1. Work out how much length A18 to N47 would gain on full extension: take 0.36 nm times their residue separation and subtract the Cα-Cα distance, in nm to one decimal.
2. May I ask which residue of T20, H54, A30 lies farthest towards the positive end of the charge dipole of the chain, with charges of +1 (Lys, Arg) and -1 (Asp, Glu) on Cβ and the Cα centre as origin?
3. Can you give the local net charge around D43? Use residues other than it whose beta-carbon is closer than 13 angstrom to its beta-carbon, Lys and Arg +1, Asp and Glu -1.
4. Can you check what the net charge comes to around R14, using other residues whose Cβ is under 11 Å from the Cβ of R14 (Lys, Arg +1; Asp, Glu -1)?
5. What net charge is computed for the residues neighbouring A32, neighbours being all others with C-beta under 13 Å from the C-beta of A32, Lys and Arg scored +1, Asp and Glu -1?
6. Report the full-extension gain for the segment R61 to A32: residue separation times 0.36 nm, less the Cα-Cα distance, to one decimal in nm.
7. At most 11 other Cβ atoms within 10 Å and a DSSP loop assignment: could you name the chymotrypsin sites (Phe, Trp or Tyr not before Pro) in segment 2-77 that fit?
8. Within 10 Å of each candidate Cβ there may be at most 11 other Cβ atoms; applying that plus a DSSP loop requirement, which GluC sites (Glu not before Pro) in the chain survive?
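We did not get these values from a lab; they are worked out from the coordinates using the rules stated. Given the structure is predicted, the values throughout are model-derived calculations rather than measurements. Glycine also receives a Cβ, built like all others from the backbone with ideal geometry; neighbour counts cover every protein chain displayed.
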Amino acid sequence: MLGHVWEWCYDGHRTYEAGTVRDPVGPTAAGARRALRGGGWVDAARNVRAALRHGLRPGLRDAGLGFRAASSEENGK
């Protein structure tokens, strides 16, 4: 799934804390930078990995940016 486009994430772009953190979200206020992950088709192969991330302001459009639609089951249904 990596290497097609940088994927916009719900998570705000943040600095990683030392130690274990479970499902951190980061800033989500209007205009806050959002995390982008994964690398895209315009990037060098070494940069196409899920651990690579950047942060950009919402609303930016580019041929190398996209998103993956996902949903989760609620209450195990």
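1. On the way: separation 29, 0.36 × 29 = 10.44 nm, distance 2.36 nm.
Here the answer is 8.1 nm.
2. Comparing the listed Cα positions along the dipole, H54 ranks first.
3. On the way: positive: R37, R46, R49, R53; negative: E7, D62.
Spelling it out: positives minus negatives among the neighbours equals +2.
4. Values: positive: R33, R34, R53; negative: D11, E17.
Value of the local net charge: +1.
5. Details: positive: R14, R33, R34, R57; negative: D11.
Net charge in that neighbourhood comes out at +3.
6. Details: separation 29, 0.36 × 29 = 10.44 nm, distance 1.58 nm.
Extra length available between R61 and A32 comes to 8.9 nm.
7. Details: sites: W6, W8, Y10, Y16, W41, F67; in loops: Y16, W41, F67.
Passing both the DSSP loop test and the Cβ count: Y16, W41.
8. E17, E73, E74
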